[in-house]
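Working notes, structure below.
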């Protein structure tokens, strides 16, 4: 890729072209970063099970020559993914038990979640849906119509969450169709979009996308997913500014990851940088225990110790809520927040 064009030329391409040119080879990514695969704990078996995918816009924020770069750790297939950890499973948060016949996930009162696609712009190694049966539950156009009818018939639903995969991988026509259909539902107050795209592929924030979101009668909330301050480069800042300037509320959720963001300094830097660009630090998740992710786990005890340090350093509005998801519970479970303290 980079032998054919410069980074500047690449970033002038459409978001679809940039996505098509994402790194999908361990060797190519390592070559770009001036690293040798033989000196890293990379695993072709792990890559075969859950393939590497990294847009250049994200890789460009990695430190070249650094095998311990926190962004690289999030995406590099490694041997530890093949280890078995007690309590880890293919459905750690109980999604499959919550699925309706209309492919709507209805776990929580007043809100439902739609699996819009199984695709992402980036394959994060800690992903809790890395083993998800997308073929059974992602929305085809027919299932999408059934899902909209399900939501329309239940006046108790006030919020729809678009998830995946990454819903912003959908093309503008498909996304516009869905948002317009949902926007016609009288009792629907909010559409919440969970997406890593503004961070890993900011070129996705196009004029067409902004128009679709800005014209929706329901309030649009975009929850981005950023784990480390180094992920926030100038392209990300510009994309988020465009979203904010068009009335879209921005929150961030992170996952607490061993050897990625498991120090108070890293968490404080992340919150400060997010907020300085109009993004509210919202959730810090304990790792969902998906098969292949055990090496990322930070214990609850260590997480609480970190949050005590973060709270002592930052004003309350910059302290994300530490949460965990427990299959079958009626909501996410607070491990810590700024109102109920520690437990």
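For residue 271, indicate whether it is surrounded by fewer than 22 Cβ atoms within 10 Å (Cβ to Cβ) and either touching a helix residue (DSSP H, G or I) at 6+ places or on another chain (Cβ under 9 Å) or at pLDDT below 95 (or both).
Considered against the rule, which asks whether it is surrounded by fewer than 22 Cβ atoms within 10 Å (Cβ to Cβ) and either touching a helix residue (DSSP H, G or I) at 6+ places or on another chain (Cβ under 9 Å) or at pLDDT below 95 (or both), residue 271 comes out as no.
Between 151, 248, 193, which is over 28 Å from residue 131 (Cα atoms) and at pLDDT 95 or above?
When all the criteria are applied, what remains is 248.
Considering only region 36-61, how many residues are in a loop (DSSP other than H, G, I, E, B) and in contact (Cβ under 8 Å) with a residue 40 or more places away in the chain?
Residues that pass the stated criteria total 7.
Which of the residues that make up region 162-178 are surrounded by 20 or more Cβ atoms within 10 Å (Cβ to Cβ) and part of a helix (DSSP H, G or I)?
Passing the criteria: 167, 168, 169, 175, 178.
Before we move on, is residue 301 surrounded by fewer than 21 Cβ atoms within 10 Å (Cβ to Cβ) and farther than 27 Å from residue 123 by Cβ? Walk me through it before giving the result.
Numbers: surrounded by fewer than 21 Cβ atoms within 10 Å (Cβ to Cβ): yes; farther than 27 Å from residue 123 by Cβ: yes.
For residue 301, the condition - surrounded by fewer than 21 Cβ atoms within 10 Å (Cβ to Cβ) and farther than 27 Å from residue 123 by Cβ - is met.
Name the single residue that is modelled with the lowest pLDDT among those in region 118-142 being farther than 30 Å from residue 73 by Cβ and surrounded by fewer than 18 Cβ atoms within 10 Å (Cβ to Cβ).
This residue is 136.
Determine, yes or no, whether residue 114 is assigned to a strand (DSSP E or B), modelled with pLDDT of 90 or more, crowded, with 16+ Cβ neighbours inside 10 Å and within 21 Å of the chain's Cα centre (by Cα).
Yes: the conditions hold for residue 114.
Would a scan of region 180-191 turn up a residue that is in contact with a strand residue (DSSP E or B) (Cβ under 6 Å, 6 or more places away or on another chain), assigned by TED's automatic domain parsing to the domain that holds residue 259 and within 28 Å of residue 78 (Cα to Cα)?
No.
The values are calculated or read from the model by the stated rules, or taken from the named source; none is laboratory data. Small disclaimer: the values here were computed from a predicted structure and weren't measured. Virtual Cβ from ideal backbone geometry, glycine too; neighbours counted across all protein chains shown.
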